[in-house]
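> My questions all concern the structure below.
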Amino acid sequence: MPEIMLVRHAQASFGKSDYDVLSELGHQQAFALGQSLAERATARPDKIYIGAQRRHRETLEGLAAGFGLDPSSAIVHEGLNEFNAGELIAARYGSEDLPADVRGDRRLYFRALRDVVLAWQRDEIDNPPESWRDFSSRVLRARDAMIAEKGRVLAVSSGGAISRIIVSVLDAPAPQMISLQLQMRNCAVSTLVGSANGMFLHAFNEVPYLRSQADERLMTYA
């Protein structure tokens, strides 16, 4: 029976010049998640998949150190890469640019991102960096490749790609993707399991590394 553990990357560098780098807290999250998964015999994967982005690789390296896995064995699949939110927002706002107060406020930024993604899905953005159809196609190719492995797969990806996979499994409307994405915590685990009737969502947005009140400092969303 196939099982896919979808891990969102650890905290990256929101608001910095290069988002695609884990923060110091992100490295701690990844290692803590690896340690917590190592305590569950049923969590050891038969195959590992990651996207091609730096934050995916750095998350896997920390997770693997805590879990006792070999990160070099991972299969890199670009279908697990995130859509380019910055370029998508730029395409939506064009010469108007994103208002400065939105750029500096996480709550306002993610509200704007939600609206932009919904417009993207409706094909209302001219010349996006990637079409909604192309994004969906590559993500679902990654999903199918992991399902074909049959055994337990651990995959490190990003919130949008993971949410797109979950929406496909639930056969939910496309707008549900951004709703799931904005709920997803860093280093959260969502699990899909298979049967003769297809794949099912078994768990969503779990953070097993939060084991005490002291660990609450590790919980982040961006």
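> Val21 versus Asp126, label points 7 Å from Cα toward the beta carbon: distance in nm?
It works out to 3.6 nm between the two label points.
> Based on DSSP H runs of at least 4 residues, each adding -39500 (n - 2.57), what is the mean residue ellipticity at 222 nm of the chain after dividing by all its residues, to the nearest 500 deg cm²/dmol? Spell out each step's value before the answer.
On the way: 8 runs with 94 residues, N = 222.
The helix-only estimate for the chain comes to -13000 deg cm²/dmol at 222 nm.
> Quick query: amide H of Ile75 versus all other amide H atoms, modeled in the peptide plane; which residues come in under 5 Å with a sequence gap of 5 or more or a different chain?
Distant-sequence amide H within range of Ile75: Ile48, Tyr49, Ile50.
> For the chain, list the DSSP H helices whose alpha carbon atoms reach 18 Å or more along the long axis and whose average Kyte-Doolittle value is 0.0 or above? The partial results should precede the final answer.
Values: long enough: 24-38 (22 Å, 0.05); 54-67 (19 Å, -0.80); 106-121 (22 Å, -0.06); 132-147 (22 Å, -0.42).
Qualifying helices, which must be both long enough and hydrophobic enough, are 24-38.
> How big is D, in µm² s⁻¹, for the chain by Stokes-Einstein at 4 °C and 1.567 mPa s if Rh is the Kirkwood radius over C-alpha pairs?
Approximately 73 µm²/s, per Stokes-Einstein.
> Going by amide H atoms built from the backbone, whose H comes under 5 Å of the H on Thr220, apart from near neighbours?
Excluding prolines and chain starts, which carry no amide H, the hits are Asn186.
> Continuing with the same structure: Whole number in Å², please: accessible area per residue of the chain, 1.4 Å probe, ligands, DNA and RNA not counted.
Value for the chain: 48 Å² per residue.
> If you don't mind, another one. For Asp70, Asp46, give me the order by solvent-accessible area with a 1.4 Å probe, most accessible first, ignoring ligands, DNA and RNA. Present the calculation step by step, with values, prior to reporting the outcome.
Values: Asp70 85, Asp46 110 Å².
Output order, biggest surface exposure first: Asp46, Asp70.
> Moving to a separate point now. Can you give the relative contact order of the chain as a percent, counting alpha carbon pairs under 8 Å and 6+ residues apart?
Details: 400 pairs, mean separation 71.2, N = 222.
It rounds to 32 percent for the chain.
> Return the single residue from Ser212, Ser190, Ser13 with maximal mean-square fluctuation; model: Gaussian network over the chain, springs between Cα atoms under 10 Å.
Ser212
> So, one more: Nearest 0.05, what FRET efficiency do Leu118 and Glu39 give at R0 = 45 Å with Cβ-Cβ as r?
Approximately 0.70, to the nearest 0.05.
The values are calculated or read from the model by the stated rules, or taken from the named source; none is laboratory data. None of the values given here were measured: they were computed from a predicted structure. Backbone-built Cβ (ideal geometry, glycine too); neighbour counts: all protein chains shown. Ligands, DNA and RNA are excluded from the accessible area calculation, which covers all protein heavy atoms including side chains. Shrake-Rupley method; radii C 1.70, N 1.55, O 1.52, S 1.80 Å.
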